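The values are calculated or read from the model by the stated rules, or taken from the named source; none is laboratory data. As the structure is a prediction and not an experimental result, all values here were calculated from the model. Every residue, glycine among them, receives a Cβ derived from its backbone with ideal geometry; neighbour counts consider all protein chains shown. In case anyone asks, the SASA skips ligands and DNA or RNA and just uses the protein heavy atoms, side chains included. Shrake-Rupley method; radii C 1.70, N 1.55, O 1.52, S 1.80 Å.
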Amino acid sequence: MARHDDFRFGLLSLLFLSFFGVAFVPARAAVQVKNVSRLCHAKPIVTVNGMYPGPTIYAREGDRVIINVTNHAQYNMSIHWHGLKQFRNGWADGPAYITQCPIKTGNSYTYDFNITGQRGTLWWHAHIFWLRATVYGAIVIMPQNGTSFPFPQPHMEANIILGEWWNTDVEELVKEGDKLGLPPKMSDAHTINGKPGPLFPCSEKHTYALEVEQGKTYLLRIINAALNDELFFAIAGHEMTVVEIDAVYTKPFATQALLIGPGQTTNVLVRADQLPGRYFMAARPFMDVPIPIDNKTVTAILQYKGIPNTVMPVLPQLPAPNDTEFALNYIAKLKSLNTPQFPALVPLKVDRRLFFTIGLGRNPCSTCLNGTKLAASLNNVTFVMPKVALLQSHYFNIKGVFQTDFPERPPTPFNYTGAPLTANLKTSSGTRLTKIAYNSTVEIILQDTNLLTVESHPFHLHGYNFFVVGTGLGNFNSSKDPANFNLVDPPERNTVGVPTGGWTAIRFRADNPGVWFLHCHLELHTSWGLKTALVVEDGKGVDQSVLPPPKDLPPC
């Protein structure tokens, strides 16, 4: 199958000793600073191998991948392979101070992992500070040799990576916001494959274009690498058929637009069946509460072969930025394939039930503008990052780094999504985790609250996929809502949106020992403490415990 990928040639010449179809995929990744110009502004950004977005990793299901990361940037660095399950191998997962300490400037670390039982589109990104603003790229896992897609074979495929761009130094903006106790300035543009498109100044040449041929079908691998926005995406005049989310095949369905949260991936088939011309692919944020966002539209171009660049592209009809109804209807259509070859192994019996409320708050801050700073919490606990990586302290039994007393439900039940609560917004803080027995089945209810405001939150669990068995608006009702759970073919994902003023129920089997991060994938909320981790204990079998750490694990 042909590929259409901006980064392919750079990647192959820089990184790979061999293309996919082999059992061993070694690569070198140099984290380095490079000057890049967008929106009439030039600035130094952190890149991998000088590329923005970074190189695509191509592999096959069953491959072993070895990536040596050398840090030449002025920041400490760690890379997360988002959605890869890393069985027993949290050492390769990447979140700084959770599974490893960061790679210091001038140092290297080798991420060595197997791709087991996964195929499809995932992605990688920096997992420290806000560096994933520019440090990210696609992971394309092809099916095993001799195995085809469970949908028509496309003529060609392309990566569509949605991102955000700031004209100024993102890390400085975040520091400034922290000092004042306020959110940092929002981004100046969204991007598609690092490019804002021609609706922005100085951006004619910074426009991604995909050339297509009349009558042929294309597979688009769409990744939301934006830091703080859920996004609608559409292609003018063209229907999309959703066939995969978060590297799990879905029951195909056609749609004019899709919704994709930060951290999520969606594969769609697009048939070039319109009059030959130029058509905009476009994305803009979904936000159904009055919170300021970067609401500008990013565009790329779907261009039929032989059509000159002078033809004006047509814009698609995107849903309105606050179209909650479209968002909920779209999410309701996502279902697992659930075939003999790709079963949906939903836990029917639950050993452990956890109920986590998601809240915003204000804590005292003597240096801040209003004497307070914004905080975020789960069950009123604002997570404090440790100085020693949690997995290390768990594996080597280092005392005093974390406690396993994270509350299983909110300390004080209240009307979570009723009238806005603006009094008593102080949160508690600590490095508090939840201990989970090996191979037990877990159900987590993630409940949004109206502390300060309701808002949707994309939640990502490291080390696992989970089944999204239910979702709804208002407060979760434990006596009524489970009766409507989908336990047959619920979508299986690694990142799920909790709806504004609503709840989401997820289930999974805790068969991957280690310490696994659970956090909101809005970088703003993560940095305010909207995160925790699960300590999944070792099992009794020989292959049921955390593997020993690699010799080059970065020291703390």
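Test residue 48 against the stated conditions and say whether it is under 30 Å from residue 199 (Cβ atoms), crowded, with 16+ Cβ neighbours inside 10 Å, of a type in the set (Val, Ile, Thr) and in contact (Cβ under 8 Å) with a residue 12 or more places away in the chain.
yes
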Quiz item: Within segment 281-300, can you find the residues that are at pLDDT 95 or above and either open to solvent by less than 10 Å² (accessible area, probe 1.4 Å) or on the phi > 0 side of the Ramachandran plot (or both)?
Solution: 281, 282, 283, 285, 298, 299, 300
Quiz item: In the set 346, 388, which member is modelled with pLDDT of 95 or more and closer than 21 Å to residue 526 by Cα?
Solution: 388
Quiz prompt | Unique match (being touching a residue at least 12 places away in the same chain (Cβ under 8 Å), buried (at least 19 other Cβ atoms within 10 Å of the Cβ) and more than 30 Å from residue 363 (Cα to Cα)) among 119, 132 | solution = 119
Quiz item: Can you spot a residue in segment 277-290 that is closer than 28 Å to residue 489 by Cβ and in a loop (DSSP other than H, G, I, E, B)?
Solution: yes
Quiz item: What tally of residues in segment 500-530 results from selecting those that are touching a His at 6+ places or on another chain (Cβ under 6 Å), aliphatic (A, V, I, L, M) and surrounded by fewer than 24 Cβ atoms within 10 Å (Cβ to Cβ)?
Solution: 0
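For segment 335-346, which residues satisfy the criterion of being open to solvent by 10 Å² or more (accessible area, probe 1.4 Å), out of contact with any Phe, Trp or Tyr (no Cβ under 6 Å at 6 or more places or on another chain) and touching a residue at least 40 places away in the same chain (Cβ under 8 Å)?
If the condition is that a residue be open to solvent by 10 Å² or more (accessible area, probe 1.4 Å), out of contact with any Phe, Trp or Tyr (no Cβ under 6 Å at 6 or more places or on another chain) and touching a residue at least 40 places away in the same chain (Cβ under 8 Å), then 335, 338, 339, 341, 344, 345 are the ones that fit.
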Self-check item: Pair list, Cβ under 6 Å, 6 or more apart: segment 140-157 residue farther than 23 Å from residue 84 by Cα, other residue modelled with pLDDT of 95 or more and assigned to a loop (DSSP other than H, G, I, E, B)
Solution: 155/216
Quiz item: Within segment 159-213, how many residues turn out to be assigned to a helix (DSSP H, G or I) and either among the hydrophobic types (A, V, I, L, M, F, W, C) or open to solvent by less than 30 Å² (accessible area, probe 1.4 Å) (or both)?
Solution: 6
Practice problem: List every residue pair whose Cβ atoms lie under 7 Å apart, where the two residues are 6 or more positions apart in sequence or sit on different chains, the first residue falls within segment 162-180 and is free of Cβ contacts under 8 Å to residues at least 40 places away in the same chain, and the second residue, located anywhere, is open to solvent by less than 70 Å² (accessible area, probe 1.4 Å) and of a type in the set (Asp, Glu). | Solution: 166/188
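Let's see how each residue does on (1) open to solvent by 80 Å² or more (accessible area, probe 1.4 Å); (2) without any contact (Cβ under 8 Å) to a residue 60 or more places away in the chain; (3) out of contact with any strand residue (DSSP E or B) (no Cβ under 6 Å at 6 or more places or on another chain); (4) farther than 21 Å from residue 182 by Cβ:
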site	(1), (2), (3), (4)
350	no, no, no, yes
354	no, no, no, yes
401	no, yes, yes, yes
404	no, no, no, yes
407	no, yes, yes, yes
417	no, no, yes, yes
